[in-house]
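Taken together, the values in this text are just the output of simple stated rules run on the coordinates, not laboratory data. Keep in mind that what you see is a predicted model, and the values were worked out from it rather than measured. All Cβ positions, glycine included, derive from the backbone under ideal geometry; neighbour counts span all protein chains shown.
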Amino acid sequence: MAQTLINWLKEIYGFHWIADQAWVVYLLWGLVQVALILALVMTCVAVYTWMERKISGRIQDRLGPTRVGGRFGWLQPAADGLKLLCKEDIVPAGADGFLFRAAPYLNFCAAFVPYLALPFAPGWVVQPLDSAVFFILAIGGLEVFGVILAGYASGSKWSLYGAMREAAQVVSFEIPLGMCIVVPVLMAGTMNLTNIAQQQQGWCTNWNIINPFALATFFIYMVCATAGTNRAPFDLPEAESELVAGFMTEYSGFRWAMFFMGEYCAMFLLALLGAILFCGGWNGPVPIATWLIHGATLLGAPADSLWLVFIGNFLGMCNLIVKGVLGVIFMMWLRWTLPRLRIDQVMTTCLKYCVPLASIMLVGTMASIFILRGGRLPHAVEAEKTPPKQDRQTERDGRGGSDFNSREGAC
Amino acid sequence: MPVERVDPDLVEFDLRSDEMLVNMGPQHPSTHGVLRLVLRTDGEVVGDLKPNIGYLHRCAEKIGENLSPRQFTPYTDRLDYLASMNMNLGWSLAVEKLLGFVPSPRLNHLRVLVCELNRIASHLVAAGCYGLDLGSFTPFVWCFREREKILLLFEELCGARLTYSYITPGGVTTDLSKGWLARCETFLREFEPVIDELHATLTSNAIFIRRTANIGVLSPQMAVDYGCTGPVLRGSGIDWDLRRDGEPVYTRMYEGYQFEVIAQVNGKYPHDCPYPAVPTEAVLGDCWHRFYVRMLEVVQSMKLIRQALEKLGKNTEVLAEPIKLRQKLTAGSAYLETEAPKGQMGFMVVSDGTPVPWRVRIRSSSFCNLSVAAELCRGCLIADVPAVIGSLDIVLGEIDR
């Protein structure tokens, strides 16, 4: 995309000098992309804070916010944000100033950076990575550093407790979480999220979750995701009835908001990742977008029309976001329903239930792949089944299997 | 200096290098008021716990020695502010015992009615806050929603939402207003299904059971030794309730009322309602049982209220005025314990014949109940401390007086 931009700039009179400095274009383009993602994610986070309050309100027989921004309190997140910005920013006397200040941003970055590798629709990704799954897991795992630093640097015993719990909990839950993520990766034969999602194209019967192993894995994945993002019933690092506020005890104002946003970012990230890996990504349960585009081509629109691709991608992105929001709502529902587990019970849940179950699912998936397709990648099986028909199809509408297979072969 | 059972005040100087001294409170979300717990912890494990009290001391007893009994009634409101009616009742009955006053039937029914309503309100706060201590927000709000209805009833009755001063030596301040009985009946009807919801979200919730069963086990012997009373005592399986076993001055109030004392005797709770069975993990005397006893007591209180409503509906008697504001007291002393929601609340009044008592002494139930906390928390995890303290259901206004 940046290269297209450079070519385009070369043609515009007066911008030639920018096109010569390729790195400027790359930098500017990167900033634009990050701004877009940040806008999307931050909007979602703002909506989530409002939604959390509304959902908790409804569950608890209350109304939730009703004052700011009309009847449904739409502007509540803005009011909250403004209030947090106006709050006094306190660094405790016993705190390690630099680390204390750095921790919230580290935490937020770790939750946000994985979005750069997360595709929202085919091609709509900041940095297409063949190892996107690995990248997201690796960067997402850094979140724990922010929390540990916050707990250590606060100079408060409660914060320290929160940090130690976070360390124990998140590091443990990353093992089953990683195993759960490997299951769809094995099924797809690639770590490229775009390809994983595109393999699930068509009706919802093509989704990975239809596979019984993947279905079971999805539930383990959701448990681990809830635990990995410190959400109830696994919200021990910030257990307010035991540790006051855990690692966030000494934070106020904007730094506290960074932790808060980081939590929602991470929740949304894991929900989106789960949607891509298990629930078809941007493919709806019924391939309406494909029909629409197909219909438009029948009416005479060129198949590679930018507008058609844009509409298809936009619908796909909406699909994915709806799935992510549903995942987040599930986590909120759990939070407002269940009591909190104890630290030893959290570890038991992880080591005694999640890890063995995830291992069984992993081995089961491997076995089923071996038995069903002799260990070959899914597209290889597909190609063997219908080679001539697929070619014809590709000729006709320019979309479909072969282009996808060639990309598949690259990774 | 021996480390075993060292005075926890000195623990700070006796800390092993891998141990940490943590102050839980007085500003802490789950110490139920201004209680300060000093914990000696080794990682997540609590070695020693020492409750520090006195942050809410308001010299209630000394004030009682400077005011006449009726003037002191509002101060009893502030003892257990979650069950002010029961505090008023304890004080009034103690004074009435000194005076040899015999209440009329209507007065008795009224007192049973408001005291049991307040017991429900108090147990609702206990149950809701206990959920909150364990990280479950929703039951807390549900409990407070129901409690609000009781408070509205009380507000209509006496104008106050928490500090009622309704029951006072020699009577009550005012009779029921028109239609109050019907509104109380409506409340009971609405409240009944909520109990099942609370059982679903708390009592029989798997995580709740894991957090409370076999935690903070209080043996019957220990409960008696420490002077625990109320649901804490009955949670340990001791069948003792002053409403049935108390002094005649108190029990005659409940004459003609049918109710059961909730305690597990011979491995069985005395109820035939379809309430969740005791989970296999639960041990008699643990946090789960203490919670369960409260939940079942709420049902018994509802039973008592229904009977009181019926009796009051038939009764057309006109209430007499309470004793005069500065009525001279009989010389002598009287001590009476009553069954408040949190345990046995004792009031002692000593008089030399003047309108103002010579000495007032209050026995707090929460104080004794809290005293077992150190024993129960030894060797548990930090997360269990709120679970144990919450299950004891203490109110600091009553402990510090």
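Between A:Phe330 and A:Ile311, the modelled labels are 3.2 nm apart [label points 7 Å from Cα along Cα→Cβ]. Taking only the C-alpha atoms of segment A:133-277, the Rg (one decimal) and the largest Cα-Cα distance, Dmax (whole number), read 16.9, 54 Å. Taking label positions 7 Å along the Cα-Cβ direction at both A:Ser131 and B:Arg359, the computed distance is 8.2 nm, reported to one decimal. With semi-axes defined as the square roots of five times the eigenvalues of the C-alpha gyration tensor, the equivalent ellipsoid of segment A:1-119 measures 39, 23, 14 Å, largest first.
Rg over Rh for chain B works out to 0.98, both radii taken from alpha-carbon positions and Rh defined as the Kirkwood radius.
Residue by residue along B:42-48, Cβ atoms of other protein chains within 10 Å of the local Cβ number 2 on average.
Taking the fewest neighbouring Cβ atoms within 10 Å as the starting point, the ordered list for B:Cys158, A:Cys204, B:Cys377 is A:Cys204, B:Cys158, B:Cys377. For chain A, the ratio of Cα radius of gyration to the globular rule of thumb 2.2 N^0.38 Å stands at 1.07.
Report the residue, chosen from A:Arg62, A:Arg255, A:Arg71, that carries the largest GNM mean-square fluctuation when chain A is represented by alpha-carbon nodes joined by springs under 10 Å. Per the Cα network of chain A with a 10 Å cutoff, A:Arg71 tops the list. Length available on full extension from A:Arg58 to A:Ala78: 0.36 nm per residue minus the Cα-Cα distance, which gives 5.1 nm.
Give me the net charge for the shell around B:Pro169: Cβ to Cβ below 13 angstrom, other residues only, Lys and Arg +1, Asp and Glu -1. Residues near B:Pro169 contribute +4 overall.
The phi torsions of segment A:135-140, fed into the Karplus equation with coefficients 6.51, -1.76 and 1.60 and a -60° offset, translate into couplings of 4, 5, 4, 5, 6, x Hz, rounded to whole numbers, with Gly and Pro shown as x. The residues neighbouring B:Leu56, those whose beta-carbon lies less than 10 Å from its own, together hold a net charge of +1 under the Lys/Arg +1, Asp/Glu -1 convention. When B:Tyr335, A:Tyr264, A:Tyr161, A:Tyr13 are sorted by how many other C-beta atoms sit within 10 angstrom of their C-beta, beginning with the fewest, the order is A:Tyr13, B:Tyr335, A:Tyr264, A:Tyr161.
With K and R counted +1 and D and E -1, the other residues having a Cβ less than 14 Å from that of B:Val356 yield a net charge of +3. Computed on the Cα atoms alone, the convex hull of segment A:132-171 gives a volume of 39 cubic angstrom per residue. Database remark: amide H of A:Leu341 closer than 5 angstrom to the amide H of A:Asp235 (H placed geometrically; neighbours at sequence offset of 5 or more, or on other chains; Pro and chain starts carry no H). Our coupling estimate for segment A:120-134, obtained by passing each phi through the Karplus curve with A = 6.51, B = -1.76, C = 1.60 and θ = phi - 60°, is 9, 6, x, x, 8, 8, 5, 10, x, 10, 6, 10, 4, 4, 5 Hz, Gly and Pro reported as x. Amide H contacts for B:Leu381 (H built 1.01 Å from N in the peptide plane; partners 5 or more residues away or on another chain; cut-off under 5 Å): B:Val46. Counting Cβ atoms of other protein chains within 10 Å of each residue's Cβ and taking the mean over peptide B:381-388 gives 5. In whole percents, the pair-distance distribution calculated for segment B:12-118 from its alpha-carbon pairs, binned every 5 Å from zero, is 2, 10, 14, 15, 12, 10, 9, 9, 8, 6, 3, 2, 1, 0. What is the log10 of I(q)/I(0) for segment B:339-388, computed with the Debye formula using one identical point scatterer on each Cα and no solvent, at q = 0.20 Å⁻¹? Summing over Cα pairs of segment B:339-388 leads to -0.76.
What FRET efficiency do you get for A:Leu85 and A:Ile288 if R0 is 56 Å and r is their Cβ-Cβ distance, rounded to the nearest 0.05? With a Förster radius of 56 Å, E is 0.85.
Ordering A:Ser305, B:Ser364, A:Ser156 by the number of other Cβ atoms within 10 Å of each residue's own Cβ, fewest first, gives A:Ser305, A:Ser156, B:Ser364. For the protein assembly as shown, the spread of Cα positions along the three principal axes, ordered from largest to smallest, is 109, 64, 58 Å. Spacing of the modelled spin labels on B:Val45 and A:Ala22, each 7 Å from Cα toward Cβ, amounts to 6.2 nm. Close lysine pairs were tallied over chain A: pairs 8 or more places apart or on different chains with Cα atoms under 29 Å apart number 5.
Amide H contacts under 5 Å for B:Leu37: B:Met24, B:Gly25, B:Asn52, restricted to partners 5 or more places along the chain or on a different chain, H placed in the peptide plane at 1.01 Å from N. Principal-axis analysis of the Cα atoms of chain B puts helix B:138-158 at an angle of about 20° to the longest axis. The helix-only estimate of mean residue ellipticity at 222 nm for chain B, built from DSSP H runs of length n ≥ 4 each weighted as -39500 (n - 2.57), is -13500 deg cm²/dmol after division by the residue total. Look at the dipole of chain B built from charges on Cβ: of B:Leu21, B:Val318, B:Ser366, the Cα furthest out on the positive end belongs to B:Val318.
With the charge dipole of the protein assembly as shown set up from +1 on Lys and Arg Cβ and -1 on Asp and Glu Cβ about the Cα centre, the Cα lying farthest toward the positive end among the listed residues A:Ala266, B:Val293, A:Val147 is that of B:Val293. Couplings 3J(HN,Hα) of segment A:31-36, computed from phi: 5, 4, 4, 4, 4, 4 Hz, in residue order, whole Hz [Karplus 6.51 cos²θ - 1.76 cosθ + 1.60, θ = phi - 60°; x for Gly and Pro]. Placing unit charges on the Cβ atoms only, positive for Lys and Arg and negative for Asp and Glu, gives chain B a dipole magnitude near 1300 debye about its Cα centre. For chain A, the mean residue ellipticity at 222 nm estimated from helices alone is -22000 deg cm²/dmol, where every DSSP H run of n ≥ 4 contributes -39500 (n - 2.57) and the total is divided by all residues, rounded to the nearest 500. Mean projected area of the convex hull spanned by the Cα atoms of segment B:205-309, taken over all viewing directions: 7.3 nm². Of all lysines in the structure, those lying under 25 Å Cα to Cα from B:Lys311, and not within fewer than 8 positions of it along the same chain, are B:Lys97, B:Lys149, B:Lys178, B:Lys303.
Per-residue shielding of A:53-63, expressed as the average number of other chain Cβ atoms within 10 Å of the residue Cβ, stands at 2.
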